[in-house]
Amino acid sequence: MDNTQRIDPALQKYLHTFIRSIQDFPKPGILFRDITPLLADKDALAQTIAGMAEPFRNRQIDRVVGIESRGFILGTAIARELNCGFVPVRKPHKLPAQTIRQEYALEYGTDTLEMHADAVQPGQQILMVDDLLATGGTMQASCQLVERLGGKILGLSFLIELAFLKGRSRLPGYDLHCLLTFV
């Protein structure tokens, strides 16, 4: 299910001006989309948070789950905007209490994410947040963590989608929302 909200073209154009493109970072052949100029501008940041939260404003979200690391920045602000709690999904060995783990495939090899085992209760309504939808692997693994704990995912909210990487194909059945798309 893809219920992507239609974003005001003027807002999209405005937010695009704050995304810096850096060639060959973090390695040759990669065009990195840097959101730090957007985070530094109070108006762009406020409009980003409002835009990412808007499709879920009346959905009775219990928790926002944000993925390390920029998902923490956006996710906590969205949780505040939606008047709910925040849960971090982290790389291994970063959380102090009992955790559950989810391994996922990378282009070459695997990686692992963790969440506190008591972070989401069965039946809680969850909004998943990250800055970037690329291949979809990180978000897919994060959704699996939430669902293993019994959480009900009401939607996925991203600032940027790199559509050419087809990350949506790994996230079927979710209400997916992206403010900006790079094709």
Spin-label point model (7 Å from Cα, Cβ direction): what's the Ala97 to Arg59 distance in nm? 2.5 nm
Give me the lysines in straight-line cross-link reach of Lys42: C-alpha distance below 28 Å, same-chain residues under 8 apart excluded. Lys13
Multiply the residue separation of Gln23 and Asn83 by 0.36 nm, subtract the distance between their alpha-carbon atoms, and state the gained length in nm to one decimal. 17.8 nm
Taking the mean number of other Cβ atoms within 10 Å as a proxy for protection, how do you rank 104-114, 57-67 from highest to lowest? 57-67, 104-114
Below 8 Å, C-alpha to C-alpha, sequence gap of six or more: please give me the relative contact order for the chain in percent. 22 percent
Please state the charge dipole magnitude for the chain, taken about the Cα centre, from unit charges on C-beta atoms (+1 on K and R, -1 on D and E), reported in debye and rounded to the nearest 20. 60 debye
Once you keep just the Cα pairs under 8 angstrom separated by 6 or more residues, what percentage relative contact order results for the range 120-183? 39 percent
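Every read-out reported here was derived from the displayed coordinates using simple, explicitly stated rules and does not represent laboratory data. Predicted model only: the values in this text are computed from it and were never measured. Note that we place each Cβ from the backbone using ideal geometry, even for glycine, and neighbour counts take in every protein chain shown.
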